[in-house]
1. Going through the range 145-160 one residue at a time, which ones are under 24 Å from Asn287 (Cβ atoms), free of Cβ contacts under 8 Å to residues at least 60 places away in the same chain and among the aliphatic types (A, V, I, L, M)?
2. Which condition does Tyr122 not pass, out of (1) crowded, with 23+ Cβ neighbours inside 10 Å; (2) modelled with pLDDT under 95, if it passes all the others?
3. Go through (1) touching a strand residue (DSSP E or B) at 6+ places or on another chain (Cβ under 9 Å); (2) under 30 Å from Lys8 (Cα atoms) and name the single condition Asn355 misses.
4. I need a count of the residues in the range 290-342 that are buried (at least 24 other Cβ atoms within 10 Å of the Cβ), within 19 Å of Pro178 (Cα to Cα) and hydroxyl-bearing (Ser, Thr, Tyr).
5. Looking only at strands (runs of 3 or more DSSP E) that lie completely in the range 218-330, which have at least 2 residues being among the β-branched types (Val, Ile, Thr)?
6. So which pairs qualify, if the first residue must be in the range 243-268 and under 20 Å from Arg184 (Cα atoms) and free of Cβ contacts under 8 Å to residues at least 60 places away in the same chain, the second must be hydroxyl-bearing (Ser, Thr, Tyr) and outside any loop (DSSP other than H, G, I, E, B), the Cβ gap must be under 9 Å, and the two must be at least 6 apart or on different chains?
7. Does the range 113-129 contain any residue that is over 19 Å from Val153 (Cα atoms), in contact (Cβ under 8 Å) with a residue 12 or more places away in the chain and either assigned to a loop (DSSP other than H, G, I, E, B) or β-branched (Val, Ile, Thr) (or both)?
8. Tell me, please, whether a residue that is out of contact with any Lys or Arg (no Cβ under 7 Å at 6 or more places or on another chain) and at pLDDT 95 or above can be found in the range 59-67.
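The values are calculated or read from the model by the stated rules, or taken from the named source; none is laboratory data. All figures in this text were calculated on a predicted structure; none of them were measured in a lab. Don't worry about glycine lacking a Cβ; one is built from the backbone with ideal geometry, like all the others, and counts go over all protein chains shown.
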Amino acid sequence: MTSTRILKVVPTLMCGGTENQFMALSRRLDPSRFALEFACLRRWGPFVDEIVERRIPLAEYRVTTFRSLRALTQQAKLARHIARRAIHIVHAYNFYGNVFAVPPARLAAPVVIASIRDCAPYLTPMQKRVQRYACQLADCILVNAEAVRRWLVAEGYDAAKIVVIPNGVDLTRFAAPPEPVRLRRELGLPGGTPVVVIVSRLTRLKGLEQLLEAAALVRVQHPEARFLIVGETAPSETAYLDVLTRLATAHRVADRVVFAGLRSDVPAVLAAADVSVMPSLNEALSNVLLESMAAGAPTVATHVGGTPEAIVDGETGLLVPPADVPALAAAIARLLADRSLAARLGEAGRRLIENRFSVERMVTATEHLYAELLARKGIRVAGPAATVATA
């Protein structure tokens, strides 16, 4: 039997949550069973170099708008590529990947998978309708949280097609002991200073404005605490950093907030955190949330999307309502004051990730899904099929 030939279609290869997940999967798919290719709508992002170095075929289908003859031409080109390469499975990701790839893939591939990884607060009603129509052509809609599954069913998606496979965390990245002294020295923070860490893209939906307001309240009880914000803006939103900087000044916490930009040592930063905070206004199942728990960081998060699937309030972290500044501040202050509670929550969070959200579990479940979908079409390839329950 031959290997399963898989084509993953992604918008870009930037370093975001979805990208980190499909790259983690690509590194661990059994090479004796799966032959992997990539296609993108824009050959852009740090993962391009990795794909090239690993000699994984990468094709670009440059599309700037779906309302163009070029988009149709590129979709026809994709269909020809799928047929010529005898691709078994086309696996598309997110709105642009799904809308671009699913229709032509349906004409040329035995199995077509769409992935939706959040509740799409940024999509217009028309875009949501277009994606729903495209996904009707898919054999399966893969989501990363029960919250996303529920939202899709409410939006009119076929529940029988939806499969939930949660994000996976590579626990080996969190094996090194924390280095809080090094981190504080590097960032110019006083020794022994409590550090509250926020790792996030700098966008409005991440609740950073509420976080800065909460920092002002926390400062009253814990004047020594510092707030470390790790992340950067999207190229189209660079002015938002200035907005946050002005807000920090307005709330009189500019001397307590450090905007550290994008860092390559996020596991070490999280491991050295006294508290990790995810103040998002909308999420599915955040990679950063799971990574914070994997690092053993006591975690405060907003009760949005799939977050309650990982954090049980008072057991594996603390949950607060979104945009509730006093509640957010109180939860942060509580963990800074009660170190035994913080340690207990951090340890419980780490155990939960090991048991339910490891990257190994995510990869195994995805491999089984691929095999089952092929078996339904009567296609025999390398490796046994297995059953993956749908919603």
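1. Within the range 145-160, Leu152 is the sole residue that qualifies.
2. For Tyr122, the exception is condition (1).
3. Evaluating Asn355 over (1) touching a strand residue (DSSP E or B) at 6+ places or on another chain (Cβ under 9 Å); (2) under 30 Å from Lys8 (Cα atoms) leaves (1) as the failure.
4. 2
5. Ranges flagged: 226-230, 257-261, 275-278, 299-302.
6. From the range 243-268, the pairs are Ala254/Thr245; Val257/Thr245; Phe259/Thr245.
7. Within the range 113-129 (the criterion being over 19 Å from Val153 (Cα atoms), in contact (Cβ under 8 Å) with a residue 12 or more places away in the chain and either assigned to a loop (DSSP other than H, G, I, E, B) or β-branched (Val, Ile, Thr) (or both)), the answer is no, since none of the residues qualifies.
8. Yes, the conditions are met somewhere in the range 59-67.
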